[in-house]
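Q: Here it is, the structure, as structure tokens.
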Amino acid sequence: MSGTDKDLQCRELIAKAVCGKGHKFSTTTHTIIPSQTPSTILGCWIINTNFQAEKVGDAVEVSGTYDVNLWFSFANNTQTEVKRETVKFSVLVPLTFFDKNCRGDLEIVARAVEQPKCVKAELSPGGTITVKVESEFAVEIIGETKVCVVVCNNCDEKDFHVLGDYEENSDEFDDFDSATLLDELD
């Protein structure tokens with residue numbers, strides 16, 4: 001073993017890291033029952049989306065609510081009305097990977113890659129309206145994990161090459177002495 005190899009050692013660091021990931025595109029159908037028998041659908045929008053996420057087995061469940069605003073005509077297309085209905089949704093997002101060695105309290109982060117939106121609204125028998133909604137969610141699980149790094153005991157004798165625009169004559173870092181940090185750790 002060379003002298004250089006003797007100066008190297010491994011240390012384990014505890015760091016927060018992404019321990020799991022997944023995403024899912026989903027389609028959901030809702031049935032809306034307006035107060036009047038609709039003649040024509042004039043528009044449909046999804047607004048006020050709220051959701052939360054929690055780990056369920058090997059997946060993350062994203063659940064919440066949104067408002068379906070449905071604009072339609074009735075009475076032989078002589079009057080219009082907007083029907084607003086808050087609906088619940090739940091999407092089970094499978095994880096593409098999950099590190100079971102992750103420890104500590106897990107933080108579940110979910111975001112809407114594609115906000116819920118109406119892609120189709122059509123009249124159904126009996127005066128109801130069927131609304132098709134598409135959305136896409138991405139999830140991450142963040143927790144503590146161990147990272148093993150190689151460190152050296154004596155950095156003063158090593159020849160490090162810094163890439164980029166660094167001036168050797170720069171006084172920018174003169175007040176920082178890394179050797180005192182190593183002495184404090186011992």
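The values are calculated or read from the model by the stated rules, or taken from the named source; none is laboratory data. Because the structure is a prediction, the values reported are computed rather than measured. Glycine also receives a Cβ, built like all others from the backbone with ideal geometry; neighbour counts cover every protein chain displayed. We work out accessible area using only protein heavy atoms, side chains counted, and drop any ligands, DNA or RNA first. Shrake-Rupley method; radii C 1.70, N 1.55, O 1.52, S 1.80 Å.
Q: Of all residues in region 31-59, count the ones that are under 23 Å from ILE129 (Cβ atoms) and either over 25 Å from the mean Cα position of the chain (by Cα) or small (Gly, Ala, Ser) (or both).
A: 14
Q: I need every pair where a residue in region 115-128 that is farther than 12 Å from CYS44 by Cα and in contact (Cβ under 8 Å) with a residue 12 or more places away in the chain has its Cβ under 7 Å from the Cβ of a residue that is among the hydrophobic types (A, V, I, L, M, F, W, C) and open to solvent by 80 Å² or more (accessible area, probe 1.4 Å), sequence separation at least 6 or different chains.
A: Close Cβ pairs satisfying both conditions: THR128/ILE33.
Q: Which one is most open to solvent (accessible area, probe 1.4 Å) among residues in region 24-64 that are among the acidic types (Asp, Glu) and part of a strand (DSSP E or B)?
A: Here is the first cut: in region 24-64, the ones among the acidic types (Asp, Glu) are 54, 58, 61.
Narrowing the set further to residues that are part of a strand (DSSP E or B) leaves 54, 61.
Working: GLU54: 108, GLU61: 57 Å².
If we take residues in region 24-64 being among the acidic types (Asp, Glu) and part of a strand (DSSP E or B), then GLU54 is most open to solvent (accessible area, probe 1.4 Å).
Q: A further question follows. Tally the residues that are out of contact with any Asp or Glu (no Cβ under 9 Å at 6 or more places or on another chain), more than 20 Å from THR86 (Cβ to Cβ) and not small (Gly, Ala, Ser), restricting the search to region 121-142.
A: Summing the residues that are out of contact with any Asp or Glu (no Cβ under 9 Å at 6 or more places or on another chain), more than 20 Å from THR86 (Cβ to Cβ) and not small (Gly, Ala, Ser) in region 121-142 gives 4.
Q: Residue by residue through region 100-145, note down the ones that are more than 24 Å from the chain's Cα centre (by Cα) and either open to solvent by less than 20 Å² (accessible area, probe 1.4 Å) or aliphatic (A, V, I, L, M) (or both).
A: Result: ALA121, LEU123, GLY127, ILE129, VAL131.
So that you can scan it fast, the table gives a plain yes or no per residue for (1) over 30 Å from LEU8 (Cβ atoms); (2) modelled with pLDDT under 95; (3) of a type outside the set (Ser, Thr, Tyr):
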| position | (1), (2), (3) |
| --- | --- |
| ALA53 | yes, no, yes |
| ASP58 | yes, yes, yes |
| ASN69 | yes, no, yes |
| ARG84 | yes, no, yes |
| CYS102 | no, yes, yes |
| VAL119 | yes, no, yes |
| VAL149 | no, yes, yes |
| ASN154 | no, yes, yes |
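Q: Quickly run through region 65-78 and pick out the residues that are touching a residue at least 24 places away in the same chain (Cβ under 8 Å) and open to solvent by 10 Å² or more (accessible area, probe 1.4 Å).
A: Across region 65-78, the qualifying residues are THR65, ASN69, TRP71, PHE74, ALA75, ASN76, ASN77.
Q: Here is a list: ARG11, ARG84. Which entry is surrounded by fewer than 16 Cβ atoms within 10 Å (Cβ to Cβ), of a type in the set (D, E, K, R) and closer than 30 Å to GLY143 by Cβ? If you could, list the steps in order and put the result at the bottom.
A: Details: ARG84 fails: closer than 30 Å to GLY143 by Cβ.
ARG11 is the lone residue from the list that is surrounded by fewer than 16 Cβ atoms within 10 Å (Cβ to Cβ), of a type in the set (D, E, K, R) and closer than 30 Å to GLY143 by Cβ.
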